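Student: First the structure, which I've put down as structure tokens, then a few questions once you've had a look.
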Amino acid sequence: MYEVLMYDGGVHKIDELLDLIEDVGGFVLQRTQVQVMITLTIAIPAEDRPLIEKKAAELGGKIIEVPLAGTEIAVIGPTLGRHHMPHPICDIAEHLRRYGAITIVMGLARGRGRKTCQISAAEKAIIEEYDAAIFMLGNFKECVTHEKIDLYKDIQIPVVAVIGPELESLPHCEALVCGVGRKVERMRRSEEIAKLEEIADRVKEVIDKRRKEIEEDPLFVHPSEVKEVLEDMDAVQECLRPAPVVLHVDGLRVKIPYKKHLKEMEELEVYGRKLKDIAIISDCRLGDSTIIKIKTKAEVEGKVR
Amino acid sequence: MEFELEGTERYALESYQWLLERILMDMGISTLVEQVHLIIRPDQTLFIISMRIKQSGSKRPVYDIAEMESKEGGTFINIKDESYAPRLLSSLWRLYGRERVQQLTRLEIFVEDVPKEELSDMKLDPEEEVRSQLLDAMWRLLPEGLKLRNEYFNDNVMTIVATEHDMTVDFLAEAQKVHEKMIKGPEED
């Protein structure tokens, strides 16, 4: 079982840490260097964590837990209008990034209003490409409990609903956070930061639950192992988009065109098998990307036999 | 600023009061509002907001804020109260066109072919700008989905009623009632 951690420290002797990560069979998921400081997001076998911690301490850096690393989360508001954006949607997205998640912000085309609010099939399909979705539903209890729940009712990924009024529970969502409604300024008061923490905690719980479900029928390979192979592709190396390969809980998003590179991706070798045999490769709904869903061990081995 | 809240959901009312306070503070006009009446009934999809602005003095004549001097071919104006400069300039542009109004320096204006007497009679309305700012604040506050709107306004009270599907006669009557109550002011309630 891989564990995702973040190393924060200086560049001095960083090669020693990188070698150690490679020796234990781990991967560097993301590397950000600013002058002499470096931040590494790494995936390592859980049993080798003490070794990495010891080396990090030796180099004067520190290891930070990033419970949401390796996930991509969508934060969704009713519209992109200034009534809903940028606060608090961007505040939530930004806060989740501190826990290692990659987040996107999305506004629905016709999400505003009470009886007129709606979500299209295309929007649902886009949202379902992510690991979890956070829906901001506003200040009116009557509106949230009667109409807005329909926005996320049929969505197949875990949903965290964030609303203003205090409610005990809300149907069809995996978690609920109350007390965050419309805002016209940044969430920077202590009670607002506590609410952001609460949202992050709920998302962590939802993702942990998803990971546990996957563990029951484990994936054939960890997504980070596929990432390593994908990164050798010329198209990925030439890709100028930020984070060309993004990890999901059960797969990856590669920001290269599906149609153009499908054949090449299908033929990539991971542990002696072709990628097309161990994963489902499909087109992404959002501009020129590819979604890879890794099959479970049972699916792959059953088929081979 | 005094708030009167009326509706079916406590949280919605309090949060919208807070939102309005922050919006007005952001725009730097919170001192101009005297009283606000909010009616929010999500079960009926009804939102009414009525605001009364403070009387910030009557219209000021131009001779009060500037010195004027007749010159050959027009009038020379030297503005004394700088806060009125943009309003005076835009009024002059509107009345005489940009070709005839020259801004020589920040506070000096020359108006071609207009006698001094005509300019002295001009009056500037300080509340015109305030009203447009308040309207902007109300539009920022109103929930985005409530697209059916009706406005009532007079010199110092503005009322907007908003709903989603059907603007009923009852909604309009209620808004009008609130509007009239706000015009009368607190002492006559």
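The values are calculated or read from the model by the stated rules, or taken from the named source; none is laboratory data. Keep in mind the model is a prediction, meaning the values are calculated, not measured. Cβ sites come from the backbone with ideal geometry, for glycine too, and all protein chains shown count toward neighbours.
Student: Filter segment A:142-160 down to the residues that are without any contact (Cβ under 8 Å) to a residue 40 or more places away in the chain, touching a helix residue (DSSP H, G or I) at 6+ places or on another chain (Cβ under 7 Å) and either under 22 Å from A:LYS183 (Cβ atoms) or not hydrophobic (A, V, I, L, M, F, W, C) (or both) and list them by number.
Tutor: Across segment A:142-160, the qualifying residues are A:GLU142, A:CYS143, A:ASP154, A:VAL159.
Student: Checking B:ILE29 against (1) surrounded by fewer than 16 Cβ atoms within 10 Å (Cβ to Cβ); (2) not assigned by TED's automatic domain parsing to the domain that holds B:PRO115, which test does it fail?
Tutor: (1)
Matching residues to (1) at pLDDT below 95; (2) buried (at least 16 other Cβ atoms within 10 Å of the Cβ):
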{"residue": "A:TYR2", "(1), (2)": "yes, yes"}
{"residue": "A:GLU22", "(1), (2)": "yes, no"}
{"residue": "A:GLU47", "(1), (2)": "yes, no"}
{"residue": "A:THR71", "(1), (2)": "yes, yes"}
{"residue": "A:ILE76", "(1), (2)": "no, yes"}
{"residue": "A:GLY81", "(1), (2)": "yes, no"}
{"residue": "A:LYS115", "(1), (2)": "yes, no"}
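Student: Name the pairs: first residue in segment B:7-19 and within 7 Å of chain A (Cβ to nearest Cβ) and surrounded by fewer than 17 Cβ atoms within 10 Å (Cβ to Cβ), second residue assigned to a helix (DSSP H, G or I) and not hydrophobic (A, V, I, L, M, F, W, C), Cβ to Cβ under 7 Å, at least 6 apart or on different chains?
Tutor: Partner pairs satisfying both residue conditions: none exist.
Student: Could you count how many residues in segment B:144-158 are touching a residue at least 12 places away in the same chain (Cβ under 8 Å) and assigned to a loop (DSSP other than H, G, I, E, B)?
Tutor: Of the residues in that region, 6 qualify.
Student: From the list B:PRO115, B:PRO143, which residue is more than 14 Å from chain A (Cβ to nearest Cβ) and not hydrophobic (A, V, I, L, M, F, W, C)?
Tutor: One residue alone meets the criteria, B:PRO115.
Student: Which residue out of B:PRO42, B:PRO86, B:PRO61 is touching a residue at least 12 places away in the same chain (Cβ under 8 Å), out of contact with any strand residue (DSSP E or B) (no Cβ under 6 Å at 6 or more places or on another chain) and either within 14 Å of chain A (Cβ to nearest Cβ) or farther than 25 Å from A:ASN139 by Cα (or both)?
Tutor: B:PRO42
Student: Continuing with the same structure: So in segment A:288-305, with the set limited to residues that are part of a strand (DSSP E or B) and either free of Cβ contacts under 8 Å to residues at least 40 places away in the same chain or β-branched (Val, Ile, Thr) (or both), which one is surrounded by the fewest Cβ atoms within 10 Å (Cβ to Cβ)?
Tutor: Once the filter is applied, the top-ranked residue is A:THR296.
Student: Tell me the strands (runs of 3 or more DSSP E) entirely within segment A:172-287 that contain at least 3 residues that are surrounded by 15 or more Cβ atoms within 10 Å (Cβ to Cβ).
Tutor: It comes to A:175-178, A:245-247, A:251-254.
Student: Select from segment A:129-162 the residues that are more than 12 Å from chain B (Cβ to nearest Cβ), surrounded by 15 or more Cβ atoms within 10 Å (Cβ to Cβ) and in a loop (DSSP other than H, G, I, E, B) and list them in ascending order.
Tutor: If the condition is that a residue be more than 12 Å from chain B (Cβ to nearest Cβ), surrounded by 15 or more Cβ atoms within 10 Å (Cβ to Cβ) and in a loop (DSSP other than H, G, I, E, B), then A:GLU129, A:TYR130, A:ASP131, A:ILE155, A:ILE157, A:PRO158 are the ones that fit.
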